[in-house]
Amino acid sequence: MKKFTEIFKNASFTRLFIANVTSQMGSVIGLTAFMFYILDRFSEQPAYATVTELMFSLPTLAVFFLVGVVADRLDRQKIAYHCEMIAAAMSLCLLAAVSTGWMPLIFLTLFIRSAVQKFFFPAEQGILQGVLRKEDYTTAAGLNQFVNSVFMLFGNAIGIFVYWTLGVYGAILVDVVTLTISGLLIKSMKLKESVRQPNGKHSIKDLNIRFIWNDFMIGLKYILSNKLLVALIYGFIAFGIVNGGFSVMQVFILKYKLAPDNYEQVSIYLGIVFGVGVMIGSFLSSLLTQKVKLFKLIIIGAFYIAIMTILASYATNVVLFLTICFFLALGLPMINIAIGGWMPTIIEPKMMGRVQGWITPLMMLSQSITLGIISIGYPKWFSIEIIYWFVGICFLIVGGYYSFVLPRLAREKEAQEELAGKKEVQLNY
């Protein structure tokens, strides 16, 4: 708790944190309400719900070569601010699209809005890395995971409540307001130029095709030169598959198997149960990071979640399913906090955008492929249980791979840091 109090004394972090919270709040409410709107309107066509999720992942593949370069070469604060404001404007356009009822226009608007927001995360991560000390990274990751658990706890409930009371239009307007607040908070931050532009001053005119491609490939070379980073990224590809499955399979198993008549109400309970599990898991994982090496938490978490995910597919009633989901949620923060705290120590600040520019599209590619397979194959070719088994097996593979490579690479990294520290002491002397 003392570390959480200390980190909030940093005014820049506080504003960035609140901006991130408000942005997530609107997105969770808007996406939840829109998902139920689609399920209600097209109850006999579950593929539409999957395509909606695709509109949030596919845009990464359209802009992946730009986001990292833009975050590293242009003003990160301005990028984050404009992303939020443009996304708010696109949400207003979504209101008009929904009023027409024409699905191609709705999906196109969602696609453009999502493409704009893909530029936010690399810029926000670069700013975060610049305003925190190295020893605060894990604390910040734990805090973000705790906030995510709150959204899991209340997000679905609030989203469904807004949908019931204000309709899909009201939920989208909430999204507009929260994105605007987030953008204004980011604009109000007072950041050093070294944080905003760690690679020196550049303008958008500098970003011609050749420059962008060269910078993009520099990011790839940087990743390939770091064995530990490469190993983590291999796991991220599998996490993309997991994200694709998780984004729809919990709603699907409720609507089409366990609670077809009242799946909306049960989804609220699921959000509460899952949120409480992640909240407790975040607290426990934050304590464990002080006693257990981060790579061990990642490995344990992967195996634990694999078992819980496969068990969830065998649930025969809502109570049993919610119970398993609670225990599943306890393990998620192990991976998220460990990776969130470890990655900034591995990546140089000036390269954060370009590395994220490779990580995010790889995850989204595997997520999009997964969602595409689900939209085509479910329920015609495979059942909801198969999706759960597939996600569980992916976690088993990741856990096995990480247990084989991460301990050795972590030891090598520690040895390199120790050697570098000795050399620095000698030079100072």
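Of note:
- Failed item, numbered, when Leu270 is tested on (1) surrounded by fewer than 23 Cβ atoms within 10 Å (Cβ to Cβ); (2) modelled with pLDDT of 75 or more; (3) part of a helix (DSSP H, G or I): (1)
- In the range 373-388, the residues that are open to solvent by 20 Å² or more (accessible area, probe 1.4 Å) and either modelled with pLDDT under 75 or not aliphatic (A, V, I, L, M) (or both): Ile373, Ser375, Ile376, Tyr378, Pro379, Lys380, Trp381, Phe382, Ser383, Glu385
- Check on Leu184, part of a helix (DSSP H, G or I), open to solvent by 20 Å² or more (accessible area, probe 1.4 Å), at pLDDT 85 or above and under 30 Å from Thr5 (Cα atoms): yes
- Residues located in the range 95-114, provided they are open to solvent by less than 10 Å² (accessible area, probe 1.4 Å) and touching a residue at least 40 places away in the same chain (Cβ under 8 Å): Val98, Leu110, Ser114
- Matching residues in the range 208-251 - criterion: being over 30 Å from Phe382 (Cβ atoms), open to solvent by 30 Å² or more (accessible area, probe 1.4 Å) and modelled with pLDDT under 80: Asn208, Ile209, Arg210, Phe211, Trp213
- Residue within the range 21-44 that is touching a Lys or Arg at 6+ places or on another chain (Cβ under 8 Å), open to solvent by less than 30 Å² (accessible area, probe 1.4 Å), modelled with pLDDT of 75 or more and not polar (S, T, N, Q) present: no
- With respect to the conditions (1) open to solvent by 10 Å² or more (accessible area, probe 1.4 Å); (2) over 26 Å from Leu191 (Cβ atoms), Ile86 falls short on a single one, namely (2).
- Some residue of the range 115-124 being buried (at least 20 other Cβ atoms within 10 Å of the Cβ) and over 17 Å from the mean Cα position of the chain (by Cα): no
- Qualifying residue in the range 325-332 (condition: over 19 Å from the mean Cα position of the chain (by Cα), under 30 Å from Phe119 (Cα atoms) and part of a helix (DSSP H, G or I)): no
- Total residues in the range 337-349, condition in a helix (DSSP H, G or I) and open to solvent by less than 10 Å² (accessible area, probe 1.4 Å): 3
- Residue in the range 389-396 that is outside any helix (DSSP H, G or I) and surrounded by fewer than 16 Cβ atoms within 10 Å (Cβ to Cβ) present: no
Yes/no per residue for (1) at pLDDT below 75; (2) open to solvent by less than 20 Å² (accessible area, probe 1.4 Å):
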position: Ile307; (1), (2): no, no
position: Asn317; (1), (2): no, no
position: Phe321; (1), (2): no, yes
position: Leu330; (1), (2): no, no
position: Pro333; (1), (2): no, yes
position: Met351; (1), (2): no, yes
position: Ile359; (1), (2): no, yes
position: Met364; (1), (2): yes, no
position: Ser368; (1), (2): yes, yes
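- Applying a threshold of 8 Å to beta carbon distances and a minimum spacing of six or more residues, or different chains, the list of pairs starting in the range 6-27 at a residue that is farther than 16 Å from Gln125 by Cα and ending at one that is of a type in the set (Ser, Thr, Tyr) and open to solvent by 30 Å² or more (accessible area, probe 1.4 Å) reads Phe8/Thr14.
The values are calculated or read from the model by the stated rules, or taken from the named source; none is laboratory data. These numbers come from a predicted model, not from an experiment. With ideal geometry, Cβ positions are generated from the backbone for all residues, glycine too; neighbour counts draw on all protein chains shown. These accessible areas exclude ligands, DNA and RNA; they are computed on the full protein's heavy atoms, side chains included. Shrake-Rupley method; radii C 1.70, N 1.55, O 1.52, S 1.80 Å.
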